[in-house]
1. With the cut-off at 33 Å, report for the chain the share of all Cα pairs above it, as a whole percent.
2. Could you pull out every residue, at least 5 positions away or on a different chain, whose amide H is within less than 5 Å of the one on MET59? Hs are placed 1.01 Å off N in the peptide plane, and Pro or chain starts have none.
3. Could you tell me the calculated FRET efficiency between LYS241 and ILE74, based on Cβ-Cβ distance and R0 = 51 angstrom, to the nearest 0.05?
4. For the chain, with a Gaussian network of springs between Cα atoms less than 10 Å apart, report the residue from GLY283, GLY168, GLY200 with the top mean-square fluctuation.
5. Grab the other residues whose beta carbon is less than 9 angstrom from that of ALA70, score K and R as +1, D and E as -1, and report the net.
6. Once the Cα gyration tensor of the stretch 62-104 is diagonalised, what are the square roots of 5 times its eigenvalues, in whole Å and ordered largest first, as equivalent ellipsoid semi-axes?
7. Show me the ranking of peptides 229-235, 96-102 by mean Cβ neighbours inside 10 Å, starting with the highest.
8. Helix 7-16 versus the longest principal axis of the chain: what is the Cα-based angle in degrees, 0 to 90, to the nearest 10?
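Just so it is clear, none of the values below were taken in a lab; they were calculated from the coordinates. Owing to the predicted nature of the structure, the values given are computational and were not obtained by experimental measurement. Reconstructed Cβ throughout: ideal geometry from the backbone, glycine too, with neighbour counts over all protein chains shown.
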Amino acid sequence: MIHVISEKRKKSLLSLEKRHLTIRDERMIRTLKIQDRVLCSARDFLSKEGFLQIQAPVMGPATDPGLRGAKHAIVDFYGKPMRLMGSMLLHKQMAMSALGKIFAFSPCIRFEDEETKETGRHLVEFYQLDLEAKGYDYEKIMDLGERLVVHVIKYVRKHCKEELEFLGRKLGIPKLPFKKLTHEQAVDICRELGFDISYGEEIPWEAEKALSEYIGEFFWVRDYPTGSRGFYDKIDPEDPKKLRDFDLFYPEGYGEAISGSERETELEIVKMKMRKAGVETKGYEWYFEMLKFGTPESAGFGIGIERLTRFICGLDFIWEAAPFPKVAGVVSP
């Protein structure tokens, strides 16, 4: 974790308080035009792949508890607590069970620790392209994910030449297929790079950044150890010590791009994993009933829109990739 905020970062953070004026900056205008093309190209790609776009939920009695240290935002809903979506992961399964292949541009709220503004890659409020596909395994959904990323980059290169030139961004087209590492292999590399991290946990942010710089191309990290991630990530039936899940990483130190998995569908396995993780089950009653009724096998992922925009535009900080950014501890319009 970075402990000293650079002058450049301080200046950028201060500009957020004047977003009603700084949104007029030409760099911001060019960035938002590119972001528009990112959204259009992603929607077009998924439509051609047979996905249906749905409206994302904003609140619910339960949301994804696996927010890597961030806290949920809870509001009073006519005398009952409702959580603003940290991720629509559980709701994706619900919609998939009816429609098969779905996606949404989902708003997410996560109260991050104030120290996360030092990373340059965390927002309290952000948008995520969330998708879920009935009958997909994690190999098939990873294939979809890398083809989606390449499609978006090709589209932006073709339609946003002036904007990329203005931003000074030389954007290469990644080669398919992307490199794949197991979680154990990724940890080995991080340890060689000087990070004292365990094989039984997720890779910390600073190690992610170093790994992203070291590999130098898009790459997947797959097969995280059982217990290291959410109760919804499927345990590999061929090796119960690992999960059928994955993350995609950007090159150039930009870190995580996509996170996803095959999903658990057995109610008793889900409850067991929640107990082990200490997850409070209140609010999940509808989810349990859905699983008990029967939920199709599926896989899915989420990709942050602002992080994708940041990478494509070559921006220093993620709040430069959002029109109305909310950063931990910074009050902005």
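1. Details: 13382 of 55278 pairs.
When every Cα pair of the chain is considered, 24 percent fall beyond 33 Å.
2. MET85
3. On the way: r = 35 Å, r/R0 = 0.68.
That pair, LYS241 with ILE74, gives E of 0.90.
4. For the chain, modelled as a Gaussian network with Cα springs under 10 Å, the answer is GLY168.
5. Values: positive: ARG68, LYS71, ARG110; negative: GLU112, ASP113.
Around ALA70, the surrounding residues sum to +1.
6. On the way: eigenvalues 105, 43, 9 Å².
Semi-axes (√(5λ), whole Å): 23, 15, 7.
7. On the way: 229-235: 21.3, 96-102: 18.4.
Packing order, densest peptide first, comes out as 229-235, 96-102.
8. 70 degrees
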